[in-house]
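Written below as structure tokens is the structure these notes are about.
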Amino acid sequence: MTENKTRPTGDDVAALLDAIADPQRRADAQGICAMMARASGESPRVWSGGMVGFGTYRYRYESGREGEWFITGFASRAASLTLYVMDGFPQHRELMDRLGKYKTGKSCLYIKRLADVDAETLEELVTRSVAHMRATHETGEAGEG
């Protein structure tokens, strides 16, 4: 079986965030990191691709391919801050209606600035997503699975 290319790296989270050139983006990423640590109760870990993840869950596809991924996480990308909300968004409609300015992909929430969204609503979204993932998947710390 092939190994996932995306996995914990052991790199320093603070160094990754400190390397973000734009001061506002850096502060936003640090704020998201602190919020996700509170919401998940997990320590942040750098994953390949410059992502910061919290906790892990095991997945298995019908094809038999399986792996490990973070329960929630984020990355600072060129166009936006990307937050990974692994259970998706349809079941969180009431929170999404209050969140503010954002775009979504299947499990990705894209925001330009943290000030564009309601911080309490964002934390509630992440908290609910983490709870759902723990209730429906085998979870643990990165590297345990």
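The values are calculated or read from the model by the stated rules, or taken from the named source; none is laboratory data. What you see is a predicted model; the values in this text were computed from it and never measured. Heads up, the Cβs are rebuilt from the backbone with ideal geometry, glycines too, and the neighbour counts pull from every protein chain shown.
Conditions: (1) in contact with a Phe, Trp or Tyr (Cβ under 9 Å, 6 or more places away or on another chain); (2) within 22 Å of residue 131 (Cβ to Cβ); (3) modelled with pLDDT under 95. Residue 60 meets all but one. Number of the miss?
(1)
For residue 15, work out the one condition from (1) without any contact (Cβ under 8 Å) to a residue 12 or more places away in the chain; (2) under 11 Å from the mean Cα position of the chain (by Cα) it doesn't fulfil.
So residue 15 meets the others, but not (2).
Let me confirm something: among 139, 72, 82, which residue is among the β-branched types (Val, Ile, Thr) and more than 11 Å from the chain's Cα centre (by Cα)?
The unique qualifying residue is 139.
Does residue 109 satisfy being crowded, with 17+ Cβ neighbours inside 10 Å and either touching a residue at least 40 places away in the same chain (Cβ under 8 Å) or part of a loop (DSSP other than H, G, I, E, B) (or both)?
Answer is no for this residue.
Hey, does the range 76-83 have a residue that's of a type in the set (A, V, I, L, M, F, W, C), touching an Asp or Glu at 6+ places or on another chain (Cβ under 8 Å) and at pLDDT 95 or above?
Yes: one or more hits.
Pick out the one residue from 87, 97 that is surrounded by fewer than 15 Cβ atoms within 10 Å (Cβ to Cβ) and either at pLDDT 90 or above or farther than 18 Å from residue 6 by Cβ (or both).
97
Being more than 18 Å from residue 114 (Cβ to Cβ) and assigned to a strand (DSSP E or B), is that true of even one residue in the range 29-45?
Yes, there is a match, as at least one residue in the range 29-45 is more than 18 Å from residue 114 (Cβ to Cβ) and assigned to a strand (DSSP E or B).
Exactly one of these conditions fails for residue 24: (1) exposed (fewer than 14 other Cβ atoms within 10 Å of the Cβ); (2) in a loop (DSSP other than H, G, I, E, B). Give me its number.
Residue 24 satisfies every listed condition except (2).
Out of (1) in a helix (DSSP H, G or I); (2) surrounded by 14 or more Cβ atoms within 10 Å (Cβ to Cβ); (3) at pLDDT 95 or above, what's the single condition that is false for residue 73?
(1)
For residue 140, are the conditions met, namely being over 24 Å from residue 68 (Cβ atoms), among the small types (Gly, Ala, Ser) and out of contact with any Phe, Trp or Tyr (no Cβ under 6 Å at 6 or more places or on another chain)?
The answer is no for residue 140.
Check whether at least one residue in the range 35-58 is farther than 16 Å from residue 139 by Cα and without any contact (Cβ under 8 Å) to a residue 24 or more places away in the chain, and report yes or no.
Within the range 35-58 (the criterion being farther than 16 Å from residue 139 by Cα and without any contact (Cβ under 8 Å) to a residue 24 or more places away in the chain), the answer is no, since none of the residues qualifies.
Can you find even one residue in the range 73-93 that is without any contact (Cβ under 8 Å) to a residue 24 or more places away in the chain and in contact with a Gly (Cβ under 7 Å, 6 or more places away or on another chain)?
no
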